[in-house]
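Remarks on the structure that follows.
The values are calculated or read from the model by the stated rules, or taken from the named source; none is laboratory data. No experiment lies behind these values; they were computed from the predicted model shown. Quick reminder, even Gly has a Cβ in these numbers, built from the backbone with ideal geometry, and neighbours come from all protein chains shown. When the accessible area is computed, the model is the full protein with side chains, heavy atoms only, and any ligands, DNA or RNA have been set aside. Shrake-Rupley method; radii C 1.70, N 1.55, O 1.52, S 1.80 Å.
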Amino acid sequence: MRLDHATWREVEAYLKKSDGIIIPVGSTEQHGPMGLIGTDALCAEKIAWEAGKKLNVYVAPTITYTPAHFNMSFPGTISISQELFVSLLQEVVRALEKHGFSKFYFINGHGANLKALKSLTNQFSNISIRVRSWWDYEKVNQLRQAEFGEWEGMHATPSEISITQVTSRTITSDEALNPPKKLSHKYIKEHSGDKHGPPKQHRNNFPDGRVGSHSNLASKTIGKQLIRMATAGLVSDYLTIF
Ligand code: NI
């Protein structure tokens, strides 16, 4: 159930019996030679829409402008500051809270969003806020490991690209045929949550935009499975929490 496809009368009626909302959060940034600029948003919103239908819960419009400074040397990336992102999240929550929503489920698709999203939970005391990335759900994670292992990597992952092959389109790229350079465990540990270097340095280190991810292992079949499992994960987590 999409909020942007509802009338205010329908939202008014919904709020008489329910007070939950799902908010997908993504990014607008490069995702390697065969990944779409909107990948993180496309993944989060697809899973949110599917879960929203199953739960009869509204899904707010996707938050697509988020911090992705490290990718600013790649054309197409639109990064906003951490401060603006935090303010945006706070104002979106406040607006919805004013109408009577009090259960907020953020489904995230971009590692760099997590810090700001998690900080929300300390800023609002009268409402419930849950933050989950779609790859957090146990079965999703198991499938990623089983299918891609270490080649899942950190950015332009075969998992996220599999999902966008279902939602959007499939791109073939000679540049992505070979695996990228393998990341050390040390690198993965130190850079989790998308803690990457300044834009120029980041592009020098990862010239084609992939960060340890062998995007070309992506497939629509796995994409469909990931969507199904992440949807089930969100639905069950939502029902447990709220
Ligand atoms: Ni991504």
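If you fit an axis through the alpha-carbon atoms of helix 82-99 and take the longest principal axis of the Cα set of the chain, what angle between them do you get, 0 to 90°, nearest 10?
30 degrees
Rounded to the nearest Å, what's the spacing between the alpha carbon centres of segment 53-115 and segment 144-160? Just the number, please.
The distance from the Cα centre of segment 53-115 to that of segment 144-160 comes to 24 Å.
Test of understanding: what is the full-extension gain from LYS54 to LYS17, defined as 0.36 nm times their sequence separation minus their Cα-Cα distance?
11.7 nm
Using DSSP to define loop residues, name the trypsin sites (Lys or Arg not before Pro) in segment 151-216 whose beta-carbon has at most 16 other beta-carbon atoms within 10 Å.
ARG169, LYS181, LYS182, LYS195
Please work out the FRET efficiency for the pair GLU83 and GLN142, using the Cβ-Cβ distance as r and a Förster radius of 45 Å; give the result to the nearest 0.05.
0.75
Relative to the longest principal axis of the chain, what angle (0 to 90°, nearest 10) does the C-alpha long axis of helix 8-17 take?
With rounding to tens, the tilt is 80 degrees.
Between ILE188 and ASN204, 0.36 nm times their residue separation minus their Cα-Cα distance comes to what?
Answer, rounded to one decimal: 4.0 nm.
Just to be sure I understand the model, the point goes 7 Å from the Cα along the line to the Cβ. What's the resulting GLN123 to PHE242 distance in nm?
Result for the modelled spin labels: 2.0 nm.
Between rounded, prolate and oblate, where does segment 50-118 land on the alpha carbon gyration tensor, with a ≥ b ≥ c its root eigenvalues, rounded for a/c under 1.5, else prolate if a/b exceeds b/c?
prolate
Give the Kirkwood hydrodynamic radius (Å, one decimal) of the chain, defined as one over the mean of 1/r across all pairs of different Cα atoms.
After inverting the pairwise mean of 1/r, the radius is 18.3 Å.
Report, to the nearest 10°, how far helix 138-148 tilts away from the longest principal axis of the Cα atoms in the chain, using its own Cα long axis and a range of 0 to 90°.
20 degrees
Over segment 1-92, average the accessible area per residue using a 1.4 Å probe and give it in Å², no decimals.
Roughly 43 Å² per residue, with all protein chains present.
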